[in-house]
Amino acid sequence: MAAKNHRQWTAEPKLQPSEWVDSRVYSDVEIFEEEQEKIFKRTWIPVCHESELPNAYDFRTTSIAREPIIMCRGPDNEVRAFLNVCPHRGMIIERRPAGSFLEGQPSGNPKRMTCMFHAWQYDMRGNCVYISREKEGFQDRLCKEEVGLRRLRCEVKFGGFVWVNLDDNPQVSLEDWAGPAFACLRKSLEAEPLEVFHYHKAIVNSNYKLWHDTNCEFYHDFMHYHNRVTGFNDAYFARKNEAFEHGHVVVGTFEVNYEKYEGFESRAALSFPHLPPNQWYMIDLFPGMNFNLRGSALRCDIVTPLAPDKVMIEFRGLGLKSDTAQDRQTRVNHHNSIWGPFGRNLHEDLLGVQGQGTTMLPGSEPRRILHGRHENQTIHDENGMRHYYAEWGRWMNRRPSRPEEPFSEAVSVAAE
Amino acid sequence: MDPYALVRDTIYRSTLLLDRQDWTGWLAECDDAFQYAIRAWSPEINKDMTYLWLDRNGLVNLVKLLPKHNTDHSPLTRHTSVYTIDVDENGQNAKAVSSVIVYQNMLDGINSHIDAGESRLFLVGKYNDTFKIEDDRARFLSRELRIENRRLDKGSHWPI
C-alpha cells in the first residue's frame with residue numbers, strides 16, 4: 001500500500017493484538033505514574049555493585065520511583081539499604097553519590113549517617129543513635145529508639161550486584177524472580193569477585209521501555225556497522241531469544257568475529273571464567289535492566305524513569321577483581337570501544353531510542369508500534385518484546401495494544 | 001623558533017582542525033607514536049576511568065570507519081585555552097595543560113526542527129598534551145582529555 005490517510009494510518013494492523021503496542025504506553029502521563037506505583041515500587045532493582053562500597057562504612061546513594069535510597073556497608077560487612085530520608089523533617093540525609101562514613105561531617109561524627117540539618121545521627125543498621133538536645137525538646141514524648149530509618153529489602157546476588165525492593169513483602173524472592181534468567185551466566189559471574197571499572201550515565205528524551213525494547217531485540221543490528229561485520233553469519237541468525245517467567249528474556253550466545261572490524265581484536269584471551277572464547281550473552285530483566293557479557297567485559301544498564309518521555313540510564317562496566325593492571329586496561333578498551341560514551345555502538349543505540357522518543361511525546365497521536373516478527377524465536381524474532389509486554393500488562397492490568405482496556409491473558413499471549 | 005610558541009600554535013591549530021572534522025589534518029600534527037585517551041574520575045565508583053584509548057593506528061581506523069556508522073552530525077566546537085607549557089632543558093620535548101570546553105551545535109541529534117541551530121554545552125575538561133619538538137615543529141606525542149563529565153547523554157563517535 002502507498003502512503004496512508006489518517007484512517008488507514010491509525011487502523012489496527014492485520015496482526016494479533018499481542019504483536020503491537022499502542023504508543024500511549026510510551027507517552028501517557030497517567031500510565032507513567034501508574035508504572036511507578038505498580039511496578040517500580042514493587043520489584044527488585046539492581047542499584048549498584050558491591051565493589052562500589054568495598055569497605056565497612058562505605059555508602060552509595062540512588063533512587064527508585066523518586067524515593068531517595070542509601071546503601072551502606074556495616075562493620076559486620078553486610079550491605080543494607082534505607083530510604084535516604086531523615087525521619088525528623090524529611091531532609092535527604094546523604095547528598096553525595098558515594099563515600100565513606102569513616103570521615104566526620106560538619107554536623108556529625110565518624111561512623112554515623114548524619115542529617116546535616118539538625119544533626120540527628122544513625123548507625124549502619126539504621127538505628128537513630130543521637131538526637132541533638134533530645135530531652136530538652138522532646139522530654140519523654142519521643143526518643144531516638146522510636147525514629148530509626150526506613151529499612152528496605154536488600155540483597156547482594158548474581159555476581160555481586162546490590163538489589164533493592166521498596167516492597168516489604170515482594171511477590172517473589174529475588175532468587176525466584178531472576179535466578180532462572182541468570183542461569184546461563186551464573187557460573188561465569190560467580191566464579192570469582194567482579195569489580196566495576198566503568199560508570200557513566202545518559203539522560204535521553206525517551207520512554208524507559210523504549211530503551212529496554214532496544215536491548216530486547218537484535219533486529220536493530222542493521223543500525224550497527226560493527227555488529228553486521230562481526231556478527232551476521234549462520235550462527236548469529238541461529239541465536240535464540242528465550243523467554244523466562246516474570247517478563248525476562250535471555251539472548252543466547254554465538255562466537256563474535258571481532259577481528260572483522262578494522263582495529264578490533266579477539267577477546268578470547270580474557271574471557272570470563274567458564275565462558276568459551278568471544279561468546280556474547282544478554283539478559284534482559286523486567287522492567288528495564290540489562291546484563292550484557294561480551295566475552296571479556298560485562299555491561300549493566302539500569303534505567304531510572306524520570307517522566308514518560310525522559311529516562312536516565314546508568315551504564316556500568318565490570319571485569320574481574322583479580323585483573324592485573326594490563327588485563328584491566330584491555331578489558332576497559334574492549335568494553336568502551338563498543339559501549340563507552342565514545343564507543344561505536346552505544347551512540348547509535350541512544351540515537352535510535354532518542355529518535356523514537358521524538359515521535360512519542362505526551363499528547364502525540366497514538367499509533368501502533370509493531371512487535372510482530374516471528375523467526376522461530378531466534379535473534380530477529382520480536383518474541384522478547386511480546387513476552388515483556390504480556391508481563392507489563394499483568395502488572396498494570398492494561399492491554400498493551402489498548403491500554404484503556406483491562407489486561408486479557410488470552411489476547412496477550414495468543415501470538416505465541 | 002620559540003618552542004613555547006610552537007607548542008601553543010600546534011594546540012590551537014589542532015583545535016581548528018578538530019572543529020572542522022579534518023581528522024587527517026589533525027593526525028598530521030601527531031607523531032607516529034601518538035597515544036590518545038579520554039579519561040574521567042568517577043566519584044560514583046571511586047575510580048579513574050578510561051572512556052577511550054587509542055594509538056595512532058587505532059585513530060586512523062576509527063576515522064576511516066566513521067562514514068560506516070550512524071552518527072549525530074551536530075558539529076562540536078572547542079574553546080581551548082593554553083594554561084601552561086613546560087619545555088625540557090634540551091628543547092626537544094614539552095608538556096602543556098589546556099582548558100577545553102566543547103559545545104554541541106545541534107543539527108540532527110534529536111528533533112532538528114526544534115533543536116537545530118541551538119548550541120549546548122557538551123563537555124568540560126583539560127587537555128594534557130606532550131610534544132616532540134624538532135625541525136621547528138611541535139608534534140603531539142600524546143593527548144589525554146580529562147573530562148569532568150560522567151553524564152554524556154548520547155556521547156559521540158568523534159575524537160574530541
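The values are calculated or read from the model by the stated rules, or taken from the named source; none is laboratory data. Bear in mind the structure is a predicted one, so any value in this text is a computation, not a measurement. Don't worry about glycine lacking a Cβ; one is built from the backbone with ideal geometry, like all the others, and counts go over all protein chains shown. Side chains are part of the model used for accessible areas, which takes the heavy atoms of the whole protein and leaves out ligands, DNA and RNA. Shrake-Rupley method; radii C 1.70, N 1.55, O 1.52, S 1.80 Å.
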Checklist outcome for this item: Scanning the stretch A:222-249 residue by residue, the ones that are open to solvent by less than 10 Å² (accessible area, probe 1.4 Å) and either under 21 Å from the mean Cα position of the chain (by Cα) or of a type in the set (K, R) (or both) total 5
Checklist entry - Would you call B:L16 within 10 Å of chain A (Cβ to nearest Cβ) and assigned to a helix (DSSP H, G or I)? => result no
Checklist outcome for this item: Of A:I39, A:I92, the only residue that is open to solvent by less than 20 Å² (accessible area, probe 1.4 Å) and modelled with pLDDT of 95 or more is A:I39
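Can you go through B:G117, B:G58 and tell me which one is within 28 Å of A:R331 (Cα to Cα), of a type in the set (G, A, S) and more than 14 Å from the chain's Cα centre (by Cα)?
Every option except B:G58 fails the conditions.
For the stretch A:245-265, what are the residues that are within 14 Å of chain B (Cβ to nearest Cβ), aromatic (F, W, Y) and in a loop (DSSP other than H, G, I, E, B)?
In the first step, residues of the stretch A:245-265 are kept if they are within 14 Å of chain B (Cβ to nearest Cβ); the result is A:258-265.
Retained after the next criterion (residues that are aromatic (F, W, Y)): A:258, A:261, A:264.
Matches in the stretch A:245-265: A:Y261, A:F264.
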Checklist entry - Name the pairs whose Cβ atoms lie under 7 Å apart, with the first residue in the stretch A:73-87 and of a type in the set (D, E, K, R), the second not in a strand (DSSP E or B), and 6 or more positions between them or separate chains? => result A:R73/A:L53; A:R73/A:N55; A:R73/A:A56; A:R73/A:Y57; A:R80/A:G74; A:R80/A:M124; A:R80/A:R125; A:R80/A:G126
Checklist entry - Is there a residue being in a loop (DSSP other than H, G, I, E, B), touching a Phe, Trp or Tyr at 6+ places or on another chain (Cβ under 8 Å) and more than 14 Å from chain B (Cβ to nearest Cβ) anywhere in the stretch A:303-312? => result yes
Checklist entry - How many residues does the stretch A:186-212 hold that are open to solvent by less than 40 Å² (accessible area, probe 1.4 Å) and either of a type in the set (K, R) or at pLDDT below 95 (or both)? => result 1
Checklist entry - When you go through (1) touching a helix residue (DSSP H, G or I) at 6+ places or on another chain (Cβ under 7 Å); (2) open to solvent by less than 80 Å² (accessible area, probe 1.4 Å) one by one for B:D19, which number turns out not to apply? => result (1)
Checklist entry - Just to be sure, is A:P170 closer than 20 Å to A:C48 by Cα and open to solvent by 20 Å² or more (accessible area, probe 1.4 Å)? => result yes
Checklist entry - Which ones in the stretch A:313-371 are aliphatic (A, V, I, L, M) and more than 9 Å from chain B (Cβ to nearest Cβ)? => result A:I313, A:L318, A:L320, A:A325, A:I338, A:V353, A:M360, A:L361, A:I369, A:L370
Item to check | Residue in the stretch B:47-55 that is away from every other protein chain (no Cβ under 11 Å), open to solvent by less than 80 Å² (accessible area, probe 1.4 Å) and under 14 Å from the mean Cα position of the chain (by Cα) present | outcome: no
